[in-house]
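Notes for the one structure printed next.
The values are calculated or read from the model by the stated rules, or taken from the named source; none is laboratory data. Not measured: the values here are computed from a predicted model. Every residue, glycine as well, gets a Cβ built from its backbone with ideal geometry; the counts of neighbours run over all protein chains shown. Each accessible area value is taken on the protein alone, full model and side chains, heavy atoms only, with ligands, DNA and RNA left out. Shrake-Rupley method; radii C 1.70, N 1.55, O 1.52, S 1.80 Å.
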Amino acid sequence: MNPPDPTRTYAPVVLDIAGTGLTGADRRRLGHPLTGGMILFARNWQDRGQLTELTAAVKGIRPDLLICVDHEGGRVQRFRSDGFTALPPMRVLGELWQRDPLGAVDAASALGYVLAAELRACGVDLSFAPVLDLDHGSSGVIGDRAFHRDPRVVALLAKSVTHGMLRAGMAHCGKHFPGHGHVAADSHVAVPVDRRSLKAILEDDARPYQWLSTTLTAVMPAHVVYPKVDAYPAGFSPRWLKDVLRGQLGFTGAIFSDDLSMEGARHLRGGRRSMLTYVEAAALALDAGCDMVLLCNQSVDGGDAVDALLAGLAAEAEAGHWHPDPDSEMRRLALLPQLPPLGWDDLMHDPVYQRALERLP
């Protein structure tokens, strides 16, 4: 039997653009049937007017494209000027929890609302937040992006942030499953290895995913190898994604790969030790259980790598190197906002938004 035709039934690629406006090449790539979303970076930002025009132009190409951004607060916040609120890192909420647990819960909901409402007012659909990694004190790349060391506190504060985001009409993405906080290496530039057992990880770092299995709308796995569980990083591992995350923990939402251009994504262990192409890495991630794959920062040099990925994925499916999940497109579409956003001027006078600003830590 022939595999499903992904160019007709499936849009798994999230790509980026180089500048503050769309070029002809950007429009061609965004209109490709395999493209399901676009991720924004600080280089795509000039001011609110420009961002709103850019997102409207993207939706003019395909209304179903999912416009995403890494906008967590603290040092990971792409838009910081022209009215955007400077949000604190998540550790601040964890510190507030130590003094006032219920106050921290309310502040977390307020932060989620402000984060999402401001983004939605400019046409952004989804933020890759919150971070669910535990603060073991050993990971520089996670650091103050984590709420707390205690998985119970992380789960409750993350649930509150996601409540605020959902109230503003925005889906969310918990990351980095099953946990990036225990390793010192940065998966952007290395291949981190966590040598703990599956039992140890499930009883600690992965607990928020179990407790939030009916809350989270999306999850992003870590580019970390857990050799006592699988030789592949979690984002390329059917054991982690299909058996543990979906089967054992019961997660039913969308799964995004982390950026395929990161070192932790291409120096894969197991049977394929050489550096993979982006097409090979994407096919491996999709076949392992990811619904969507991100390829970031490859448009800045002309976008040849993006074109190669879009051209090569269909061939990989035809060769049987990945098998499209018939539910993946439904999961992607479910992340799109269901209600229109408040415009910026209306948002500034919205009593819910004003109260949320007052409750920020």
Given a 1.4 Å probe, the accessible area of the stretch 18-92 per residue, as a whole number of Å², is 37
Note: Thr52 to Ala314 extended length (0.36 nm per residue) minus current alpha-carbon separation gives 91.1 nm
Simple SL model, points at 7 angstrom along Cα→Cβ for Arg149 and Thr23; separation in nm is 4.9
With 0.36 nm assigned to each residue of separation and the Cα-Cα distance removed, Asp82 to His323 gains 82.3 nm
Amide H neighbours of Leu342 at under 5 Å, excluding residues fewer than 5 places away on the same chain, with H built from the backbone geometry, are none
Nearest-0.05 FRET efficiency for Glu203 and Thr252 at R0 = 30 Å, using Cβ-Cβ distance, is 0.85
For the stretch 190-328, the dipole about the Cα centre with charges only on Cβ (Lys and Arg +1, Asp and Glu -1), to the nearest 20 debye, works out at 720
Rounded to the nearest 10 Å², the 1.4 Å probe accessible area of Asp304 is 120
The simple spin-label model distance between Asp350 and Met330, using points 7 Å out along Cα→Cβ, in nm, is 3.0
By accessible area (1.4 Å), largest first, Thr162, Thr214 order as Thr214, Thr162
Within the stretch 143-221, DSSP-loop trypsin sites (Lys or Arg not before Pro) with at most 14 other C-beta atoms within 10 Å are Arg149, Arg195
Counting only protein heavy atoms with a 1.4 Å probe and every protein chain in place, the carbon and sulfur fraction of the accessible surface of the chain in whole percent equals 52
From DSSP H assignment alone, runs of 4+ in the chain each adding -39500 (n - 2.57), the sum over residues rounded to the nearest 500 puts [θ] at 222 nm at -10500 deg cm²/dmol
Over its alpha-carbon atoms, the stretch 1-92 yields an Rg and a Dmax in Å of 15.6, 55
Sorted by chain and number, the residues with a modelled amide H under 5 Å from that of Ile255, at a separation of 5 or more or across chains, are Val219, Asp291, Met292
Excluding near-sequence neighbours (fewer than 8 apart on one chain), the chain holds lysine pairs with C-alpha atoms under 25 Å apart numbering 9
Ignoring ligands and nucleic acids, Arg80 exposes an accessible area, probe 1.4 Å, in Å² to the nearest 10, of 120
Quick shape check on the chain: root eigenvalues a ≥ b ≥ c of the Cα gyration tensor, a/c under 1.5 is rounded, otherwise prolate if a/b tops b/c, else oblate, and it reads oblate
Per-residue accessible area, 1.4 Å probe, largest first, puts Ile201, Ile61 in the order Ile61, Ile201
Output ordering of 94-106, 232-244 (per-residue mean of other Cβ within 10 Å, highest first) is 232-244, 94-106
